[in-house]
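Notes for the one structure printed next.
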Amino acid sequence: MLAEQRREAILRELEERGSVSVMDLSEKLGVSDMTIRRDLEALSKRRLLKKVHGGAVPVPKAAREPHFEYKRRLNRAEKAAIARAALPMIEDGDTVALSAGTTTWHIASLLRRASRELTFITNSTNIALTLQENGWEQIVLSGGIFRTPSDALVGPFAERTLRTLNADILFLGVHGIHPEAGLTTPNIAEAETDRCLVEAAQKVIVVADNTKLGVVALARIAPIKEVDVLITDSGASRKLLREIELAGVEVVVVETGEDELARAN
């Protein structure tokens, strides 16, 4: 049995029984405990189950979305590596849109004012302030209703502003990216604002660490066909990456080593 077939069998067992144990799965599937633990780890990274001592349980469906400051501390090395890979995609004179989010914030934090002339569009107060601190002047903040936990500006005022603008390139952070479900987020209002950003951009680049791949949240932002490039890290599922590539998306995978971890910390 191939790894993906085995993992599908684990998910079916979890759906039927409500919980699974490493010992039972090992006996049922005829593989070692270590193999099952690796399968559970891989499925946990894709947020398809939650690991517990000795087995796994379903992911809570009503989990609250964590606040920006908490999310910014998660997967910092991966986000920093993704941000560094994003920088060369920006050309002199571009109008750059950045959605609210922690990975897009990492991009803003790395953008230092030099000889280039760039204009920025964002619905994130955190990103706008970071760009201003880095010496940038041409920053368009959408306005709108201030929403936590992502610290995004959303609602009809934000949408009205964004629909009047055009961007050369958009760096979009998402809660989930899935070959069939597309780009999703837990918040309906934020999904609408992000959709306006996608519609305003000539090129859409999704920046998402491996924990976002295969995840499907409540509200849909856009179908996968709207994405030009996905930048993710080497912890991502190769099968999922292949499915995303087959949907017409260019995939860029970055390595996260000790040097990147040191930079992030």
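Below are the figures for this structure:
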quantity	calculated
Residue match in segment 24-34 (condition: at pLDDT 90 or above, open to solvent by 50 Å² or more (accessible area, probe 1.4 Å) and not in a helix (DSSP H, G or I))	yes
Residue in segment 61-76 that is at pLDDT 80 or above and under 23 Å from residue 151 (Cβ atoms) present	yes
Filter result for the condition that a residue is at pLDDT 90 or above, buried (at least 20 other Cβ atoms within 10 Å of the Cβ) and either among the charged types (D, E, K, R) or at positive phi (or both), over 168, 209	209
Criterion violated by residue 227 - all others in (1) open to solvent by less than 10 Å² (accessible area, probe 1.4 Å); (2) within 23 Å of residue 110 (Cβ to Cβ); (3) touching a residue at least 60 places away in the same chain (Cβ under 8 Å) satisfied	(3)
Single condition residue 160 does not satisfy, out of (1) among the charged types (D, E, K, R); (2) in contact (Cβ under 8 Å) with a residue 24 or more places away in the chain; (3) open to solvent by 40 Å² or more (accessible area, probe 1.4 Å)	(2)
Scan of segment 124-178 for residues that are among the hydrophobic types (A, V, I, L, M, F, W, C) and touching a Cys at 6+ places or on another chain (Cβ under 8 Å), ordered by number	158, 162
Selection count, segment 107-140, where residues are surrounded by 24 or more Cβ atoms within 10 Å (Cβ to Cβ) and not aliphatic (A, V, I, L, M)	3
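The values are calculated or read from the model by the stated rules, or taken from the named source; none is laboratory data. The shown structure was predicted, so the numbers you read here are calculated from the model rather than taken from an experiment. A quick note on method: Cβ atoms are made from the backbone with ideal geometry, for glycine too, and the neighbour counts reach across all protein chains shown. Protein only, heavy atoms only, side chains kept; ligands, DNA and RNA dropped before computing areas. Shrake-Rupley method; radii C 1.70, N 1.55, O 1.52, S 1.80 Å.
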